[in-house]
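Right, one structure below, let's go through it.
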Amino acid sequence: MLMNRALCRSWLSHVPYRFQVPQVRGDPTLPAGRRHILGTGTTIPWRPPSGGGGRHFHGNRHRNSNVKPLPAEQQTPAENPTVPSRNIIKAVAFTGAFSLGCFAGATIMEYENTRSMILAKAKQARFGWWQSRSLGERDSWSQLKQDIRRQWDSLTPGDKVFAPLLVFNVLAFALWRVPSMRNTMMTYFTSNPAARVVCWPMFLSTFSHYSAMHIFANMYVLHSFANASVLSMGKEQFMAVYLSAGVFSSLVSVLYKAGTRQTGMSLGASGAIMAVLAYVCAQYPDTQLSILFLPTLTFSAGAAIKVIMGIDFAGCVLGWKFFDHAAHLGGAMFGIFWAQYGAQMWAKRIGLLNYYHELRRTKHK
């Protein structure tokens, strides 16, 4: 199941890192911060790419601002702002409520999908002869829809989950190119613990990429490991884990920035993708992985995730500024936790399933 292209390509050199750079000088049109990905495809996966690529945050922002900064010559030196305690409380509460909502929604989605599949099978068994008889009478539009449906059904479970995630990420990437949307994107699609808006940016920033290399590398890694994760968890559970891990990684980043007084803006899907990577590596630690351009150089998934987490831990302790290492650790910890305890926790949804079933049956009486 795991011996496919996803686990035989370079992902070690494409691990999403939240990249931090100093203030931009002389080009006020660039955004203050972006989570770029290390996507060079080299055998030295920890070298930051030229031109920027990886999830990062831009420090020294005014406490109440997560909009486009003034040009460099108009800015005044800022003190290291402190994060208001109410923002931390909001972030913690939002993470808990959002994660609970994700898993409740995934439970209901699982019920509805299963019900729809059973009804479709029953309808096909009952009226399949009529559908076959009328197949030649369909117009071109119906035939086109049938062809699209056939192509969709031919996709792997991972690709079916990856496709909508790719669409949302590409849409957010395109919005960064619209000048009139710049302030909106900076406000709601970058996460900054010292900003006026704290909660929803923790979620929306996980779909936000500014550079082309950033979104390409992130989506490449996600596509490579999505199928293995979806086959293991199911699409509903995968979506709940992916979205919750993204917000949880933003929370860890918020807490780290607040503790170290390194406020600034972050964006990118690296936290959620790190959870997917860590989940696969923890579930299948003996799986042999290789680097894209060095297929003969193999290493175990378990060893790879230990090295990655070790580097991110060192980055947090030593205060490295290139990447948002705290967010990486948050996502990786979420993935490992779910690999160890996810099955038991997912089983607790049975009570909600029964309640929803009774509620739906009562409603249709």
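The values are calculated or read from the model by the stated rules, or taken from the named source; none is laboratory data. What you see is a predicted model; the values in this text were computed from it and never measured. Virtual Cβ from ideal backbone geometry, glycine too; neighbours counted across all protein chains shown. Each accessible area value is taken on the protein alone, full model and side chains, heavy atoms only, with ligands, DNA and RNA left out. Shrake-Rupley method; radii C 1.70, N 1.55, O 1.52, S 1.80 Å.
If a residue has to be under 19 Å from Met265 (Cα atoms), open to solvent by 40 Å² or more (accessible area, probe 1.4 Å) and in contact with a His (Cβ under 8 Å, 6 or more places away or on another chain) to count, how many in region 307-322 make the cut? Of the residues in that region, 1 qualify. With respect to His328, determine if the residue is in contact (Cβ under 8 Å) with a residue 40 or more places away in the chain, over 22 Å from Glu110 (Cα atoms) and assigned to a helix (DSSP H, G or I). So His328 passes the test. In this structure, Arg149 does not satisfy being charged (D, E, K, R), at pLDDT below 90 and either in contact with a helix residue (DSSP H, G or I) (Cβ under 9 Å, 6 or more places away or on another chain) or not in a helix (DSSP H, G or I) (or both).
Total residues in region 223-248 satisfying the condition of being open to solvent by less than 20 Å² (accessible area, probe 1.4 Å) and either within 14 Å of Ala332 (Cβ to Cβ) or hydroxyl-bearing (Ser, Thr, Tyr) (or both): the figure is 8. Working only within region 146-190, note down all residues that are within 23 Å of the chain's Cα centre (by Cα), open to solvent by 80 Å² or more (accessible area, probe 1.4 Å) and farther than 28 Å from Glu236 by Cα. Selection gives Arg177, Asn183.
Residues checked against (1) out of contact with any Phe, Trp or Tyr (no Cβ under 9 Å at 6 or more places or on another chain); (2) at pLDDT 95 or above; (3) closer than 18 Å to Ala272 by Cα; (4) in a helix (DSSP H, G or I):
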| position | (1), (2), (3), (4) |
| --- | --- |
| Lys160 | no, no, yes, yes |
| Met186 | yes, no, no, yes |
| Phe203 | no, yes, yes, yes |
| Tyr210 | no, no, yes, no |
| Met219 | no, no, yes, yes |
| His223 | no, no, yes, yes |
| Ala228 | no, no, yes, yes |
| Gln237 | no, yes, yes, yes |
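Within the group Phe334, Phe322, which residue is in contact with a Phe, Trp or Tyr (Cβ under 8 Å, 6 or more places away or on another chain) and closer than 25 Å to Ser232 by Cα? Answer to the check: Phe334. Pairs are defined by a Cβ separation below 8 Å, a sequence spacing of at least 6 or placement on different chains, a first member in region 102-127 that is open to solvent by 60 Å² or more (accessible area, probe 1.4 Å), and a second member that is among the polar types (S, T, N, Q); the pairs so defined are Gln124/Gln131.
Of the numbered criteria (1) farther than 18 Å from Val280 by Cα; (2) open to solvent by less than 10 Å² (accessible area, probe 1.4 Å), the one Met213 fails is (2).
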